[in-house]
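To keep things clear, I will list the structure first and then write my remarks on it.
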Amino acid sequence: MDSTKYQELLAKYLKGECTEAEQLLLEQWYESLDSEVELPNQNEKKKLLAHNWEVLASQTVRSAPLRKWYQQPYWAAAAAIIIALGLGWLLFKPAPSAISTFKRQLTSLETPLVEHTNTSSKNEQITLADGSRVTLHPQSRLSYPKDFVGTKREVILEGEAFFEVQKNPQKPFLVYSNHLTTKVLGTSFLVKAYAHDKNTTVAVRTGKVSVYATKSVLSTAESAKDANPEAVVLTPNQQVTYVETENKLVKTLVEKPAILIPLEETPSFAFQKAPLSTIIAAFEKTYGIDIVYDEALMSHCLITTTLEQENLYDNLTIICKLLNASYEVVDTQVVIKGAGCQ
């Protein structure tokens with residue numbers, strides 16, 4: 001029985017206008033309810049039953065005519081609950097997520113979609129059709145076409161993965177992940193987008209990427225496919241995080257900036273009465289980060305120290321202690337503040 005037919009019969013029943021044949025039809029439909037109607041899960045079903053019994057069932061119980069067994073209050077209540085469950089399921093049914101929308105887009109391609117989930121406790125390596133490599137972290141899933149067709153290379157990530165993308169300017173590579181879409185031509189970067197985490201982060205190791213809010217990409221795809229939604233551009237040692245509670249993108253430096261130049265080209269981190277400008281220049285060259293300070297105020301500062309190259313922030317802490325200064329990360333810059341040297 002379709003929804004229009006049973007709603008008509010229920011309406012007639014509540015008015016006491018059903019024939020015996022129609023009442024029998026309703027009874028048969030009700031007995032087969034579980035197999036014919038898709039309902040919410042048990043917890044949702046219980047909530048709907050409790051709520052709609054008070055709002056709808058009590059009214060229909062009082063108005064139901066007392067005639068035969070199938071016209072007793074419990075049958076009227078069951079009818080009301082059936083209606084309420086149908087309406088409630090429509091009201092509470094979740095809207096399609098951005099990820100499910102992207103999945104529908106990818107699965108509409110001629111090539112089949114492959115899904116790989118890392119259920120182990122170690123990272124797993126995946127090589128895509130174009131030679132790009134993905135390091136998939138535990139409890140993460142990657143969905144991707146078996147072959148890349150069309151003008152784009154598109155994959156979907158749920159969880160965390162490090163991407164090393166083969167360069168192809170004619171065919172950009174896009175990663176869809178929760179709230180963010182990452183677009184690259186050829187680079188390496190980390191995406192962290194677990195379903196249980198309200199924040200989604202993209203961090204760049206090499207090259208340059210553009211990161212969009214997913215809703216911007218979806219709206220653009222629906223309205224004007226050739227338009228470019230507003231994007232955040234990231235370079236090495238930069239990251240952006242979508243903060244769901246504030247609905248905004250926050251651009252900053254990565255937690256542990258990596259050395260961006262070959263080790264043989266890295267300047268010495270052993271300083272003997274070196275001016276602060278020399279030390280700052282070494283940091284900027286090594287990590288590709290802009291460091292700001294009052295050059296006039298600190299031009300007379302000379303420093304003697306030996307530093308390790310692995311951790312920029314540890315090195316900055318040491319330098320600031322020697323200068324009786326402090327530093328903070330502002331967007332993608334490091335700002336050093338101090339009184340200077342005599």
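Among the residues of the stretch 294-315, is there at least one that is closer than 15 Å to Phe269 by Cα, within 37 Å of the chain's Cα centre (by Cα) and β-branched (Val, Ile, Thr)?
Quick first cut of the stretch 294-315, residues closer than 15 Å to Phe269 by Cα only: 302-315.
Restricting the remaining residues to those that are within 37 Å of the chain's Cα centre (by Cα) gives 308-315.
Going one step further and asking which of them are β-branched (Val, Ile, Thr), we end up with none.
Among the residues of the stretch 294-315, not one is closer than 15 Å to Phe269 by Cα, within 37 Å of the chain's Cα centre (by Cα) and β-branched (Val, Ile, Thr), which makes the answer no.
Mind listing whichever residues of the stretch 196-227 are at pLDDT 65 or above and not in a strand (DSSP E or B)?
Those that are at pLDDT 65 or above and not in a strand (DSSP E or B): His196, Asp197, Lys198, Gly207, Lys208, Thr214.
Being more than 29 Å from the chain's Cα centre (by Cα) and open to solvent by 70 Å² or more (accessible area, probe 1.4 Å) narrows it down to one of Leu276, Leu263, so name that one.
Numbers: Leu276 fails: open to solvent by 70 Å² or more (accessible area, probe 1.4 Å).
After ruling out the rest, the residue left standing is Leu263.
For the stretch 296-342, how many residues meet the condition of being in a strand (DSSP E or B) and either of a type outside the set (S, T, N, Q) or surrounded by 12 or more Cβ atoms within 10 Å (Cβ to Cβ) (or both)?
The number of residues fulfilling the criteria is 13.
Filter the stretch 228-251 down to residues that are open to solvent by 40 Å² or more (accessible area, probe 1.4 Å) and of a type in the set (Val, Ile, Thr) and give me whichever is nearest to Glu310 (Cα to Cα).
Thr235
For every residue, the table says whether it meets (1) more than 20 Å from the chain's Cα centre (by Cα); (2) modelled with pLDDT of 55 or more; (3) crowded, with 17+ Cβ neighbours inside 10 Å.
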| site | (1), (2), (3) |
| --- | --- |
| Pro73 | yes, no, no |
| Leu90 | yes, no, no |
| Pro96 | no, no, no |
| Pro112 | yes, yes, no |
| Arg133 | yes, yes, no |
| Glu154 | no, yes, yes |
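In the stretch 180-190, what residues are under 20 Å from Glu246 (Cα atoms) and of a type in the set (A, V, I, L, M)?
Leu180
Being over 9 Å from the mean Cα position of the chain (by Cα) and either surrounded by 16 or more Cβ atoms within 10 Å (Cβ to Cβ) or among the charged types (D, E, K, R) (or both) is the filter here; which residues of the stretch 169-185 pass it? Talk me through it step by step, then tell me what you get.
Initial filter on the stretch 169-185 (over 9 Å from the mean Cα position of the chain (by Cα)): 169-175, 182-185.
Lys171, Pro172, Phe173, Leu174, Val175, Thr182, Lys183, Val184, Leu185 - these are the residues of the stretch 169-185 that are over 9 Å from the mean Cα position of the chain (by Cα) and either surrounded by 16 or more Cβ atoms within 10 Å (Cβ to Cβ) or among the charged types (D, E, K, R) (or both).
Name the residue, out of Ile303, Ile279, Ile318, that is in contact (Cβ under 8 Å) with a residue 24 or more places away in the chain and within 30 Å of Ala203 (Cα to Cα).
Details: Ile303 fails: within 30 Å of Ala203 (Cα to Cα); Ile318 fails: in contact (Cβ under 8 Å) with a residue 24 or more places away in the chain.
Of the residues listed, the single one that is in contact (Cβ under 8 Å) with a residue 24 or more places away in the chain and within 30 Å of Ala203 (Cα to Cα) is Ile279.
The values are calculated or read from the model by the stated rules, or taken from the named source; none is laboratory data. Since this is a predicted model, take the numbers as computed values, not measurements. Glycine gets a Cβ as well: all are built from the backbone with ideal geometry, and neighbour counts include every protein chain shown. The area values use the complete protein model at the heavy-atom level, side chains included, leaving out ligands, DNA and RNA. Shrake-Rupley method; radii C 1.70, N 1.55, O 1.52, S 1.80 Å.
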